[in-house]
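The values are calculated or read from the model by the stated rules, or taken from the named source; none is laboratory data. Bear in mind that the values here come from a model prediction, so they are computed numbers and not experimental data. Methodologically, a virtual Cβ is constructed for each residue, glycine included, from the backbone with ideal geometry; neighbour enumeration extends over all protein chains shown.
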Amino acid sequence: MNYTAPEREIMEYDVVVVGAGPAGLACALRLKQKRDDLMVAVIEKGAEIGAHILSGAVIEPGPLNDLLPDWRDNPPPVCVDVTGDELWYLKKAGRTRLPTPPQQNNHGNVIVSLGALCQWLATHAENAGVDIFPGFAAADVRYREDGGVGGVIIGDMGVDIDGEPKDTYVQGIEIHAQVTVLAEGCRGHLSKRLIRKFKLDADSDPQTYGIGMKELWRLPEGRVQPGKVQHTMGWPLDKDIYGGSFIYHLDNDRLAIGFVCGLDYADPDFVPFEAFQQLKHHPMIRELLEGGEIVSSGARAITEGGFQSLPRVEMPGAVLIGDAAGTLNVPKIKGTHQAMKCGMLAADHIAGADAAEGFDQCLRDSEVVAELHKVRNIRPGFQKGMWKGLVTAAIETLTGGRLKRTLTNHADHSALRRASEFEAPDRGWVERDLPPRDRLASVYFAATEHDEDQPIHLQITEPEVCTTRCGIEYGHPCTRFCPANVYEMVEETHGLRLQINASNCVHCKTCDIKDPYQVINWVTPEGASGPNYQNM
Amino acid sequence: MKILVGIKRVVDYNVRIRVKGDGSGIETDGVKMSINPFDEIALEEALRTKEAGKADEVIVFSAGDDACQQQLRTGLAMGADRAVQIQCDQPLQPLTAARAMLALAQREEAGLVILGKQAIDDDNNQTPQMLAALWGRPQATFASSVDLQDGKARVIREVDAGLETIEVNLPAVISVDLRLNEPRFVKLPEIMKAKRKPLEVIGLEELGVSVENNLAVSDYTPPPTRSKGIVVDDTGQLVSELKNRGLI
């Protein structure tokens, strides 16, 4: 920027938490419960708490019992007790019921909207004295003189697409803190920077990811069976792609349907969004959805690397918690209880030590990591396809993870095969007629909004790679893996040009993860931009 | 001089509006709520007027249940000096809202009331005009420029034919249009300060106003969904398809 900004205004806190998800909010609330004298702030880039949160979500209520013992007297607005589990193996037209693996037994769990739960949790945290600031994005790290993390810098508002201040320009402030808690969720942009800077992943495998897409439907009266939990595997995926769907029956004729697939797929032509839409046309699901309407939709990447990909979770002045670290339990298909526990653990540690140092050991000695360790080989077992994966899963489940082996994780972006070397199998996909028609129609239900006159928040570090190598070798996979159709190759007189429709972005981070040349860098746009999910 | 600014809590303009299953209203469960965009512009104008030294105090008010305090706090964070919540448990129709505003304007001896030209939920565009009539003061509606000088307001109005410039004596009611200004972003430290600014809660009855519903809403229906289109081969087919549908 040509404009020389004056010195930034500063606010001082003891602890600043980046991200108002289950990990960040549980951490902030617990901190105030333990040490009322601490000043705690939570920064959230979504316009409202929950606006950027998307999850199934069936959760284990254990951490809630710990954090708010009377929570059931005043439960979050969407909260349905699970009444039964079903796991189906789908073929294009048929289906087979499979026994529910023990990790997926949801007896005693509840189906919630994680967005609504976070909003509810934020109210509790505010009542306990936490300052929560939705609509403000932590755009940068503030470093102390000794090089440690000393807080965050809030992004400037009112900057135009060329980086120049507009009439409405407001400089972001610095928030200084003793301890910075990074709770940005999967592939947080500051977490990514700090993991690199402090080499936090030097002793761990690369992190691996999945992309989850979800739609909330309102169905004709009487069709939903509140509390019913269904999962599927198989069609529309071939056996080489790890993934499956969830169908959660809520109250008031609402149904949450979603689809998750591993981002370690090899097929450069694969379109995760299309796979989700195909799934909805399986006879079993189509029958359920037909005549209903979509309330909200969206997408978000999740961490799948588990135990062996868990980076060091502390650095001078800061800690990583929840999915910013990668605590999700893949075989359970759950991350919320782990994120909350991890956040509470960090709070207990910070309340006692007044510092970040020592948290890594504390987490590794905890049941959060014990839970990840037990199932560490199940997800990597699927790298060789579904059937081998199921065998590994059975062995690891029977032995409780006690076998002395740890399978290795590989970076997802390196898994993509070149178009010339890969022949996609016939997945038997069908012609669709259920909404949404395409990705743009889907983005509409995410109510995503960005002021178009602001710097493009999807930075391409080496633009020439897109039209040359990446285009030739992989055929522009960004135009396919993005669930919001942000990336388009536009034909122009002198060839193809990459057009970035940044205002469509739903902040899922898939591009930052899957782009084979790692030239896409997702940074936060202006605060309050992005999706406005309702009860997701 | 005191400036009164009315703000209404409405469903955010980015949210896709959905009608409740039983047609009794609009779905607001889990939906993002905001200050009515026109009211935000009204508040911005009031703040700029005060910053230009032409007003002493900006009072932001809203009518509703406690949920509207969220929007009042945003108004305070933008820069209003204090807030008044007119407590009522049902949405007010324009005439009742105008009466409540009148009571407040008289109590505060307001020199100027600035309002959004309409709320984006019911799109009535009635309350500012009603308030002016009840108050017996001039109105300047659809303002795209406001200039205060010597107890008068010179207002450029957006009218069908173009722009109309009028001058009104203060106190007056100004209703604002979209192009008047671009509201400011709230600064983070201001949110903290706003928590300590006064927010008075006063019952509708305490203002001597009773609810009068002159309009009855029978039901809400979503607009018909667009049916699937067809691709025609040529103009001949286009004409015949349009004819078949009785459109030409």
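Summary of computed values
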read-out	value
When residues of segment B:171-189 are limited to those that are more than 18 Å from the chain's Cα centre (by Cα) and buried (at least 18 other Cβ atoms within 10 Å of the Cβ), the one farthest from the other protein chains (Cβ to nearest Cβ)	B:Pro171
Strands (runs of 3 or more DSSP E) wholly inside segment A:13-123 that include at least 2 residues being within 13 Å of chain B (Cβ to nearest Cβ), in contact (Cβ under 8 Å) with a residue 24 or more places away in the chain and more than 23 Å from A:Ala256 (Cβ to Cβ)	A:40-44
Condition check for A:Leu416: under 26 Å from the mean Cα position of the chain (by Cα) and not aromatic (Phe, Trp, Tyr)	yes
Residue match in segment A:452-460 (condition: touching a Pro at 6+ places or on another chain (Cβ under 9 Å), within 30 Å of A:Gly135 (Cβ to Cβ), within 14 Å of chain B (Cβ to nearest Cβ) and modelled with pLDDT of 95 or more)	yes
Long-range neighbours under 9 Å by Cβ, at least six apart or interchain, first residue on the phi > 0 side of the Ramachandran plot within segment B:46-73, second assigned to a helix (DSSP H, G or I) and surrounded by fewer than 23 Cβ atoms within 10 Å (Cβ to Cβ)	none
Test: residue in segment A:423-434 that is in a loop (DSSP other than H, G, I, E, B), among the aliphatic types (A, V, I, L, M), surrounded by fewer than 16 Cβ atoms within 10 Å (Cβ to Cβ) and away from chain B (no Cβ under 14 Å)	yes
Qualifying residue in segment A:483-490 (condition: within 14 Å of chain B (Cβ to nearest Cβ), in contact (Cβ under 8 Å) with a residue 24 or more places away in the chain, buried (at least 16 other Cβ atoms within 10 Å of the Cβ) and within 27 Å of the chain's Cα centre (by Cα))	no
Selection count, segment B:1-21, where residues are at pLDDT 95 or above and at the interface with chain A (Cβ under 9 Å from one of its Cβ atoms)	0
Hits in segment A:505-532 - residues which are assigned by TED's automatic domain parsing to the domain that holds A:Glu452 and under 17 Å from A:Arg439 (Cβ atoms)	A:Cys505, A:Val506, A:His507, A:Cys508, A:Lys509, A:Thr510, A:Cys511, A:Lys514
Some residue of segment A:213-222 being buried (at least 24 other Cβ atoms within 10 Å of the Cβ), of a type in the set (A, V, I, L, M, F, W, C), within 14 Å of chain B (Cβ to nearest Cβ) and closer than 30 Å to A:Ile321 by Cβ	yes
Odd one out for A:Gln361 among (1) touching a Gly at 6+ places or on another chain (Cβ under 9 Å); (2) over 30 Å from A:Pro477 (Cα atoms)	(1)
Residue list for segment A:499-523, restricted to those being surrounded by fewer than 21 Cβ atoms within 10 Å (Cβ to Cβ), more than 14 Å from chain B (Cβ to nearest Cβ) and of a type in the set (Ser, Thr, Tyr)	A:Tyr517
Segment A:124-152, residues that are of a type outside the set (D, E, K, R) and assigned to a helix (DSSP H, G or I)	A:His124, A:Ala125, A:Asn127
Any chance B:Ala55 is away from chain A (no Cβ under 14 Å), in a strand (DSSP E or B) and of a type in the set (Gly, Ala, Ser)	no
In segment A:137-176, the residues that are farther than 19 Å from A:His507 by Cβ, within 14 Å of chain B (Cβ to nearest Cβ) and of a type in the set (Gly, Ala, Ser)	A:Gly151, A:Gly158
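Residues are listed down the side, and each one gets a yes or a no for (1) surrounded by 14 or more Cβ atoms within 10 Å (Cβ to Cβ); (2) touching a Gly at 6+ places or on another chain (Cβ under 9 Å); (3) at pLDDT below 95; (4) not aliphatic (A, V, I, L, M):
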position: A:Pro463; (1), (2), (3), (4): no, no, yes, yes
position: A:Thr467; (1), (2), (3), (4): yes, yes, yes, yes
position: A:Arg480; (1), (2), (3), (4): yes, no, no, yes
position: A:Thr493; (1), (2), (3), (4): no, no, yes, yes
